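To start, the structure under review is shown below, and the notes come after it.
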Amino acid sequence: MAGHTADNPNSNAPDTDNPAVSIIWFKRDLRVTDHLPLRLAAARGHCLPLFIIEPNFWSQPDADRCHYDFMAESLCELDDSLKQLGGRLIIRVGEAVDVFRKLAQQFRIEQVFSHEETGNGWTFTRDKAVAKFFRSSNIPWHEERQCGVIRRLQSRNGWAARWTNFMRRPIALTPARIQVPKEIESQPTPKPESLGLGAAPTGPLQVGGESTGLVTLESFLEIRGADYRRAMSSPLSAEDACSRISPYFAWGCVSLRTTWQRLQQRRDEVRSLREAKADIDPRWLGSLASYQSRLSWHCHFMQKLEDEPTLEFCNLNRAYDGLREDSFNEEFFAAWCAGRTGFPLVDACMRALQQTRWINFRMRAMLMSFSSYDLWLHWRQPALHLARMFLDYEPGIHYPQSQMQSGVTGINTIRVYSPTKQAQDQDPQGEFIRRYIPELAACPTAFVHQPWLMSRDDQQRFGCWLGRDYPLPLVDHQVAAKSAQQRIYAIRRSASAVTEAASVLKKHGSRKRRDPSPKVKRNNQNLLPGFDAE
């Protein structure tokens with residue numbers, strides 16, 4: 001236990017006469033259900049539920065106003081939930097080490113409890129600084145696993161079984177009551193503008209909070225998810241058919257274990273109904289099985305960043321260093337970000353993201369692939385833009401997926417999408433395109449996927465002049481795709497890339513399915529799950 005003594009006059013610890021507390025440091029775990037740190041701290045007596053709003057975190061290039069608003073909504077509900085338990089949430093604004101130092105002057109901190117976090121590089125550096133402060137102050141810090149990611153993993157062998165065992169563990173019970181010291185007050189949540197965050201998106205966004213997350217989960221498992229397996233690929237049907245719980249995972253409003261166990265209950269219910277010859281949609285079992293696999297893949301990708309934090313910044317396979325770095329076309333990047341590439345489905349997806357901050361996984365993969373192959377952009381800047389666009393941005397999934405879709409892992413199939421074929425397959429009538437690209441609203445289906453085929457008479461008839469109202473394509477897809485493939489494979493076949501790929505596969509590869517083959521699949525219909533567990 002820390003103490004201020006004459007033998008240690010420079011100690012950060014307070015006088016032992018100060019109140020003793022255990023701190024629950026909430027991070028990306030904004031809930032009271034299945035929250036082991038909360039339960040452990042509450043069992044020790046007086047505890048301090050703490051959330052720190054860190055201005056430097058919100059100045060990072062992957063942060064967005066939509067993330068802050070979702071977090072703020074979740075904090076409000078978390079505070080309400082804690083008040084129902086007799087406590088309250090204490091908010092502090094500042095850098096974490098400074099916050100803990102001041103708290104250590106006011107209280108005798110017996111323990112700090114939190115969940116492990118697989119965040120971005122900034123939070124990784126922050127946590128190392130906090131750990132150093134705790135060690136110097138003799139404050140024990142206990143970090144508990146939140147999902148299937150394993151810290152300090154030695155080998156991927158047996159990872160899937162360990163993941164399943166964790167999901168089967170009992171849900172951590174919510175404490176019946178918590179005691180929070182009366183001597184401390186919470187600070188107000190800063191206005192997003194004061195943190196340099198811009199205007200909120202104009203479209204409807206999902207609302208933060210544990211209760212909303214649980215309602216969203218139930219509506220998926222009971223109603224919306226019957227056609228999940230088929231409907232998740234099209235941006236038209238995926239909006240309702242996908243679970244839409246990924247932002248609640250990203251901020252920990254709902255735990256993955258709670259979701260997995262509720263999913264098992266629902267699968268058992270469906271099996272029982274089918275055995276009883278009840279009137280149950282036959283698609284349910286297949287869709288629930290597909291969703292279960294995506295919960296596992298969710299942690300599979302996060303484990304990559306946990307094991308190798310540098311992949312947020314550097315190619316996973318270093319043989320690809322220098323491939324795109326010196327040929328970044330800023331005009332192409334700006335057009336891609338603005339949804340002005342001249343390829344309707346690409347542009348519609350980007351504009352949908354601007355408004356709603358969500359798009360389904362196949363379209364996410366297409367956006368990243370298009371930026372990497374058609375526009376030949378290095379993955380880092382497009383990945384940061386999409387991080388800001390995705391309400392459900394999860395660093396541990398986002399950066400491995402960005403690299404995978406860009407072809408720089410050396411172990412995954414190269415996925416070059418035809419934006420026209422994807423449009424024809426996933427939006428055959430052009431409904432999604434017309435919704436988000438009003439310039440093409442009057443175009444008939446014959447042209448809405450390929451407006452560049454319109455003659456001047458067609459452009460006048462349908463009120464869309466190419467190059468003025470809607471851009472001509474930035475590139476010739478066939479030419480750009482062929483050039484990209486040639487450049488990628490010139491490296492992929494090299495001895496250094498093959499050696500690197502073997503190391504990457506050993507450290508990060510799935511033990512269930514491996515596909516080191518360099519065979520090109522331009523319109524792969526058997527994609528690994530996308531940027532989040534939808």
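Just so it is clear, none of the values below were taken in a lab; they were calculated from the coordinates. Owing to the predicted nature of the structure, the values given are computational and were not obtained by experimental measurement. Here the Cβ positions follow ideal geometry from the backbone for every residue, glycine too, while neighbour counts run over all protein chains shown.
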(message) Whole angstrom only: what separates the Cα centroid of region 82-148 from the Cα centroid of region 281-316?
(response) 28 Å
(message) Past 26 Å, Cα to Cα: identify those pairs from LYS27/LYS132; LYS27/LYS102; LYS83/LYS304; LYS27/LYS507, in the order given.
(response) LYS83/LYS304; LYS27/LYS507
(request) Quick one: which residues, 5+ away or cross-chain, put their amide H under 5 Å from the amide H of GLY209? H built at 1.01 Å from N. (result) SER74
(request) Convert each backbone phi in region 109-123 into a coupling constant with the Karplus relation 6.51 cos²θ - 1.76 cosθ + 1.60 (shift: θ = phi - 60°), then list the ³J(HN,Hα) values in order as whole Hz, x for Gly and Pro. (result) 7, 7, 8, 10, 10, 7, 8, 5, 10, 9, x, 7, x, 5, 5
(message) What do you get for GluC sites (Glu not before Pro) in region 176-213 restricted to DSSP loop and a cutoff of at most 10 other Cβ within 10 Å of the site's Cβ?
(response) GLU183, GLU185
(message) Residue by residue through region 48-65, what is 3J(HN,Hα) from phi via Karplus (6.51 cos²θ - 1.76 cosθ + 1.60, θ = phi - 60°)? Round to whole Hz and write x for glycine and proline.
(response) 10, x, 10, 10, 10, 8, 9, x, 5, 4, 7, 9, 6, x, 9, 8, 9, 4
(request) Just check region 15-138 against the gyration tensor rule for me: Cα atoms, a ≥ b ≥ c as the square roots of the eigenvalues, rounded for a/c under 1.5, and otherwise prolate or oblate depending on whether a/b exceeds b/c. (result) oblate
(message) Loop-only chymotrypsin sites (Phe, Trp or Tyr not before Pro) in region 290-356, please: DSSP not H, G, I, E or B, and at most 16 other Cβ atoms within 10 Å.
(response) PHE313, PHE328
(request) Name the long-range amide H neighbours of HIS115: under 5 Å, sequence gap of 5 or more, or other chain; modelled H, no Pro or chain starts. (result) LYS27, GLU144
(message) Report the Cα centroid-to-centroid distance between region 210-242 and region 20-58 in angstrom, as an integer.
(response) 30 Å
(message) For region 138-230, which trypsin sites (Lys or Arg not before Pro) pass both filters: DSSP loop (anything but H, G, I, E, B) and at most 15 other C-beta atoms within 10 Å?
(response) ARG145, ARG151, ARG152, ARG177, LYS182
(request) Can you tell me the order of 379-387, 445-453, 262-270 when each peptide is scored by its average per-residue count of other Cβ atoms within 10 angstrom, highest first? (result) 379-387, 445-453, 262-270
(message) Given axes a ≥ b ≥ c from the Cα gyration tensor, I'd like to know whether region 287-370 is rounded (a/c under 1.5), prolate (a/b larger than b/c) or oblate.
(response) oblate
(message) Using the Karplus curve 6.51 cos²θ - 1.76 cosθ + 1.60 with θ = phi - 60°, what ³J(HN,Hα) values do you get for each residue of region 452-459, in whole Hz, with x for Gly and Pro?
(response) 5, 7, 6, 6, 4, 5, 4, 4
(message) Below 8 Å between Cα atoms, with a sequence gap of 6+, how large is the relative contact order for the chain in percent?
(response) 17 percent
(request) Would you mind classifying the chain by shape? Square roots of the alpha carbon gyration tensor eigenvalues, ordered a ≥ b ≥ c; an a/c under 1.5 is rounded, otherwise it is prolate if a/b is larger than b/c and oblate if not. (result) prolate
(request) List the residues whose amide H sits under 5 Å from the amide H of ALA20, counting only those 5 or more places along or on another chain, with H placed 1.01 Å from N in the peptide plane. (result) ARG108
